1. Restrict the check to the range 70-93 and report whether at least one residue is out of contact with any Ser or Thr (no Cβ under 8 Å at 6 or more places or on another chain), in contact (Cβ under 8 Å) with a residue 12 or more places away in the chain and among the aliphatic types (A, V, I, L, M).
2. Within the range 69-98, can you find the residues that are within 10 Å of the chain's Cα centre (by Cα) and of a type in the set (S, T, N, Q)?
3. Could you pull out every one of the strands (runs of 3 or more DSSP E) wholly within the range 5-115 that has 3 or more residues that are open to solvent by 60 Å² or more (accessible area, probe 1.4 Å)?
4. Can you tell me which residue is nearest to Leu20 (Cα to Cα) among those in the range 36-59 that are in contact (Cβ under 8 Å) with a residue 12 or more places away in the chain and aromatic (Phe, Trp, Tyr)?
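The values are calculated or read from the model by the stated rules, or taken from the named source; none is laboratory data. Only a predicted model underlies this, so the values are computations on that prediction, with no experimental measurement involved. Positions of Cβ are generated from backbone atoms using ideal geometry, with glycine treated the same way; all protein chains shown enter the neighbour counts. Surface accessibility is based on the protein's heavy atoms, side chains included, excluding ligands, DNA and RNA. Shrake-Rupley method; radii C 1.70, N 1.55, O 1.52, S 1.80 Å.
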Amino acid sequence: QVQLVESGGGLVQAGGSLRLSCAASGSAFRLNINKWYRTPPGKQRELVALISSDGSTNYADSVKGRFTISKNNTKNTMYLQMNSLKPEDTAVYSCRAFYGTTVYWGQGTQVTVSS
């Protein structure tokens, strides 16, 4: 049974920083954890950042230069460093992983940025 658990969310003032973690447990040794998504209040889920197997990264235009995605394959954990946070970054942040054609999602962690 594979589980993805996000942590690190919370309430922060605009301009502040948070670091999210996504840890895989269970039968996760072949799991590819590779994407962060977010769901702003009243809006649809959107892709925030992804990291490929070769370590290359891509970001949504709205977070470029402020967010950094990274992975520790030894710990089977993915991170999202979020700096210069803005109120519009307020959302539930979720991580996504896959193995073959099976996709796994974490439960999400709330990030609230106050102005």
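1. No - not one qualifying residue is present in the range 70-93.
2. Passing the criteria: Ser70, Gln81, Ser94.
3. Numbers: elements: 10-13, 18-25, 32-39, 46-51, 57-59, 67-72, 77-82, 91-99, 102-105, 109-114.
Strands (runs of 3 or more DSSP E) meeting the threshold: 102-105.
4. Looking at the filtered set, the residue picked out is Trp36.
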